[in-house]
Amino acid sequence: MNIQFRESSEAASPLAVKTAIADCDIHPARATRAELYPYLAKRWQHHLEVYGVHAYQGMMEGPPYPKAQPNASRRDAYPPEGGPQGSSLSFMQKQLLDPNNVQLGVLNPLNTGQGIRNHELSAALCSAINDWQIDKWTSKDKRLKASIVVGNEDGLSAAAEIRERAGDKNFVQVLLLSRNVEPLGQRRYWPIYQAAEEAGLPVGVHAFGFGGNPITPSGWPSYYIEEMVGHSQCQQSALASLVLEGVFERFPKLKMVMIEAGFGWAPSLAWRLDKVWQRLRSEVPHVKRPPSEYIREQVWWTTQPMEDPERREDLFDVIKWIGWDRLLFATDYPHWDYDEPSRVLPAGVNDDDREAFYLGNAKKLYGIA
Amino acid sequence: MARHVIAAADELPPGTRKFLEIDGRPIAIFNIKGEYFGLMNRCPHQGAALCEGPLIGLAQSTDPGEIEYTKLGEILRCPWHGWEFDIRTGQSYCDPRRFRVKAYPAHVEPGASVVKGPYVAETIPVKVESDYVVVDL
Ligand code: FES
């Protein structure tokens, strides 16, 4: 008999995967608001203390819907030294990067400065977050790469931020959120796509955001569970807008990554778009090819929350349509709906596809040797 | 089935839980209002350390608007995706047909029976006058 006692269950953590993986959606957090101050002009520190931030919708002191767990995070992800989940590099290394053999971790900070009405403040906060990502994360752990956060509602200042960071190896993509003031294909956002295309950086569109519109197409729902499923609806309208406003046509080298909104809906959206485009293409003559072609050529998808149908064949059918070369594995650490690397992919996938799913696609897309 | 003495009863007062590994298996023992329960500390869904989760009740509803909250403190909610398990049986409430956590019977034995019996207390200095929490697996 062998009994070992533990203060907490930490050592009894889940099975580690042996092969190296990429995690394309990690959320780093600030331990305190003041952590950003070294990167913010005094003028904006003062502004934050006196006025705070003013978003496009109310209830900014918290999200519009209560989350399932504190900070929408895993209960076991509080760093031992205190602070919110995701705020400690050493604990992230111990809990996520080391045991799962993460070779590339893409940081997508949330609650940054995106979607703030004061566009100067929005730009200053986003720039501060980008400096902070280098100082606190990417310069300290070479496995981590950052996303350039931009003040999305002001396309020009966003483009300026992208140009300033272009070529900096700490950054591998530009980050937008799915809920904006207008659908993402609209012209106010074009300077972002232009700058990203020039810089050779993919644009990630992460679920969430505070655009001021109801979070489902039919209005404000009652429950958090409706917000959860609403992310795919929101991402679908964003993608339809990108196609139909001609963004992909105008920026043929632009690569978009749909983050945290599922992917099972992709084929049916593309089928519907193709069908109506055949009938109504004279309305959008700038969309020169069937919409599905743009989607299959210019869009990638992160896996978390991984589709989980009862029959795994259904999942494989969807992935086959999307392409095994288009999925980017993600955990969403430290959030509560985290996907465990060793458990998300059902058996029955050949080695090449499995490798592409867990690592190869991400390395290729993000240009990591 | 072997029995393992895992704590003196007063080391595991009501409302506390203890994490341990027996023969490499991660386990947690709970004392809920004087009753003892043992569960495998690995969630059958994606493998989280299940027993770190909060103990809640069971919200059930016969009709929209009619909500009953029962089994207060007896439902373990996984720290990751929030699946709910009955601490008495290890049964999942999300998909009871397919998922359950392995439950290990845990109870208190008087000290005298523990030292006399076939059970060996390895890590706890045994005082015969105390009661011990014993788990079977
Ligand atoms: S790992 Fe426990 S609910 Fe998913």
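Couple of notes before you dig in:
- Within region A:122-135, the set of residues being crowded, with 20+ Cβ neighbours inside 10 Å and of a type outside the set (A, V, I, L, M) comprises A:122, A:126, A:127, A:130, A:132, A:133.
- In region A:80-89 there is at least one residue that is closer than 28 Å to residue A:344 by Cβ, at pLDDT 95 or above and within 13 Å of another protein chain (Cβ to nearest Cβ).
- Residue within region B:89-99 that is assigned to a loop (DSSP other than H, G, I, E, B), away from the ligand (no atom under 14 Å from the Cβ) and within 17 Å of the chain's Cα centre (by Cα) present: yes
- With respect to being part of a loop (DSSP other than H, G, I, E, B), within 14 Å of the ligand (Cβ to nearest atom), under 23 Å from residue B:137 (Cβ atoms) and of a type outside the set (D, E, K, R), residue B:82 falls outside the description.
- Condition met for residue A:307 (surrounded by fewer than 17 Cβ atoms within 10 Å (Cβ to Cβ), of a type in the set (Asp, Glu) and out of contact with any helix residue (DSSP H, G or I) (no Cβ under 8 Å at 6 or more places or on another chain)): no
One line per residue, one yes/no per condition, for (1) closer than 22 Å to residue B:79 by Cβ; (2) more than 9 Å from the chain's Cα centre (by Cα); (3) in contact (Cβ under 8 Å) with a residue 40 or more places away in the chain; (4) more than 9 Å from every other protein chain (Cβ to nearest Cβ):
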position: B:4; (1), (2), (3), (4): no, yes, yes, no
position: B:10; (1), (2), (3), (4): no, yes, yes, yes
position: B:14; (1), (2), (3), (4): yes, yes, no, yes
position: B:20; (1), (2), (3), (4): yes, yes, no, no
position: B:33; (1), (2), (3), (4): no, yes, yes, yes
position: B:46; (1), (2), (3), (4): yes, yes, no, no
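- Verdict on residue B:76 being in contact with a Cys (Cβ under 8 Å, 6 or more places away or on another chain), under 22 Å from residue A:2 (Cα atoms) and either among the hydroxyl-bearing types (Ser, Thr, Tyr) or within 16 Å of the ligand (Cβ to nearest atom) (or both): no
- Summed over region A:173-193, the residues that are within 25 Å of residue A:361 (Cβ to Cβ) and either surrounded by fewer than 23 Cβ atoms within 10 Å (Cβ to Cβ) or out of contact with any Ser or Thr (no Cβ under 8 Å at 6 or more places or on another chain) (or both) give a count of 6.
- Spans of strands (runs of 3 or more DSSP E) in region A:134-238 with at least 1 residues hydroxyl-bearing (Ser, Thr, Tyr) and within 17 Å of the chain's Cα centre (by Cα): A:144-149
- Pick from region A:303-353, criterion within 16 Å of the ligand (Cβ to nearest atom) and among the β-branched types (Val, Ile, Thr), ranking: nearest to the other protein chains (Cβ to nearest Cβ): A:344
- Failed condition for residue B:75, given (1) more than 12 Å from chain A (Cβ to nearest Cβ); (2) under 30 Å from residue B:113 (Cα atoms); (3) surrounded by 19 or more Cβ atoms within 10 Å (Cβ to Cβ); (4) free of Cβ contacts under 8 Å to residues at least 24 places away in the same chain: (2)
- In region A:17-30, the condition of being at pLDDT below 95 and either within 14 Å of chain B (Cβ to nearest Cβ) or surrounded by 12 or more Cβ atoms within 10 Å (Cβ to Cβ) (or both) is met by at least one residue.
- Of all residues in region A:297-348, those being without any contact (Cβ under 8 Å) to a residue 60 or more places away in the chain and part of a strand (DSSP E or B) number 1.
- Checked against (1) away from chain A (no Cβ under 11 Å); (2) buried (at least 19 other Cβ atoms within 10 Å of the Cβ); (3) more than 16 Å from the ligand (Cβ to nearest atom), residue B:57 passes all but condition (2).
- The lone criterion from (1) loosely packed, with under 13 Cβ neighbours inside 10 Å; (2) basic (Lys, Arg); (3) within 11 Å of another protein chain (Cβ to nearest Cβ) left unmet by residue B:97 is number (3).
The values are calculated or read from the model by the stated rules, or taken from the named source; none is laboratory data. All values reported here derive from a predicted model rather than from experimental measurement. Counting neighbours? That spans all protein chains shown, and the Cβs are built from the backbone with ideal geometry, glycine included.
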